[in-house]
Amino acid sequence: MRESTLRGGVRLSALGLGTAQFGNLYRETTDAEAAGALEAAWDGGIRYFDTAPHYGLGLSERRLGVLLRGRPRDEFVLSTKVGRLIVPNPGGGSGQDTEGFAVSNDHVRRWDFSADGVRRSIEDSLERLGLGRIDIAYLHDPDDFGEQAISEAIPALIELREQGVIGAVGAGMNQSALPTEFIRRTDVDLIMLAGRFTLLEQGALADLLPLAETRGVGVVIAGVYNSGLLATPHPDAHAKYNYDDAPAELIRKASAIADVCQRHGVDLPTAALAFVGRHPAVASVVVGARTCDQVRSNLERFATPVPDALWKDLEDEGLIPSLTAQPQET
């Protein structure tokens, strides 16, 4: 599989595996399912694996660490996130987590983008993972902590990068405006952008992507299927978008895109995965999976050729913008 090299030398496979499902996202994932997904990803050439403390209150990190420990350390890239400390829940343990993961509520998340909180988060993640270093550390959803992220969290991560504890500094968000400010004002290496640059919507073309390309900052795209609206060959009335019921106008637009894809012999999810990788700032696309079959399906889509005529027809019908001649921000 092709790779991209970030400034600083971290190399990302063009397709990465997201492991929120390893933390029992929405329902339980068995150890066997997680192991099968990891094995299928490795066999398919995926060498970039993304996790976070948030995913299952640390369960995803623990599972992923166990599964990667037997692999040659220099052959894979691991990213995790900071900003949510996992702390004991006094009186908890008799119920379930309330943030979408099928795990016990014996621990809870506590927002913390202070320098001390960042350092503690990295220490805790290294312990859960059982690994000696983290290749990429992202700020995780610092939407309400922008100034503290710039003044405290990012400098703390840069210090850890200089010490060799982590390899690269980034931020992962579901918006493009604040990550654009991070690129303008700090020395981040990459941005993980979820949902704001997809076959359905391309808001990041107005700010983040041109600036990232100009500054040499890598972009990792997540949420490529917009929470499910682009995940099937033809969207239905119950499709999800941004983790909620999709508005009717977006379902109509996704259906129109699907019709054009069908004319070219390509299904909608395959086109969605291919579209985001066309932008020169995009270093990798991370797709989550729970089982080996899901990983193999993503790998098959990723390897499917998509004709240039499809993109031209979508542009001609006003369903996507041209990715050429985008304005270069400074």
- Message: So TRP311 passes all but one of these: (1) under 19 Å from the mean Cα position of the chain (by Cα); (2) surrounded by 19 or more Cβ atoms within 10 Å (Cβ to Cβ). Which condition number does it fail?
- Response: (1)
- Message: Looking only at the range 25-52, filter to residues that are crowded, with 18+ Cβ neighbours inside 10 Å, over 15 Å from VAL286 (Cα atoms) and out of contact with any helix residue (DSSP H, G or I) (no Cβ under 6 Å at 6 or more places or on another chain); which one of those is modelled with the highest pLDDT?
- Response: GLU33
- Task: Give the residue, chosen from ASP267, ASP244, ASP259, ASP207, that is of a type outside the set (A, V, I, L, M, F, W, C), touching a Pro at 6+ places or on another chain (Cβ under 6 Å) and surrounded by fewer than 22 Cβ atoms within 10 Å (Cβ to Cβ).
- Result: ASP267
- Members of the range 1-19 found to be buried (at least 22 other Cβ atoms within 10 Å of the Cβ) and without any contact (Cβ under 8 Å) to a residue 40 or more places away in the chain, listed by number: none
- Selected residue (criterion: surrounded by the fewest Cβ atoms within 10 Å (Cβ to Cβ)) from residues of the range 86-127 that are touching a Gly at 6+ places or on another chain (Cβ under 6 Å) and in contact (Cβ under 8 Å) with a residue 60 or more places away in the chain: VAL103
- Which numbered condition LYS81 misses (of (1) part of a helix (DSSP H, G or I); (2) buried (at least 24 other Cβ atoms within 10 Å of the Cβ)): (1)
- Within the range 169-203, residues in contact with a helix residue (DSSP H, G or I) (Cβ under 7 Å, 6 or more places away or on another chain), assigned to a strand (DSSP E or B) and over 26 Å from LYS253 (Cβ atoms) come out as VAL169, ALA171
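The values are calculated or read from the model by the stated rules, or taken from the named source; none is laboratory data. What you are looking at is a predicted structure, and each value in this text was computed from that prediction instead of being measured. Every residue, glycine as well, gets a Cβ built from its backbone with ideal geometry; the counts of neighbours run over all protein chains shown.
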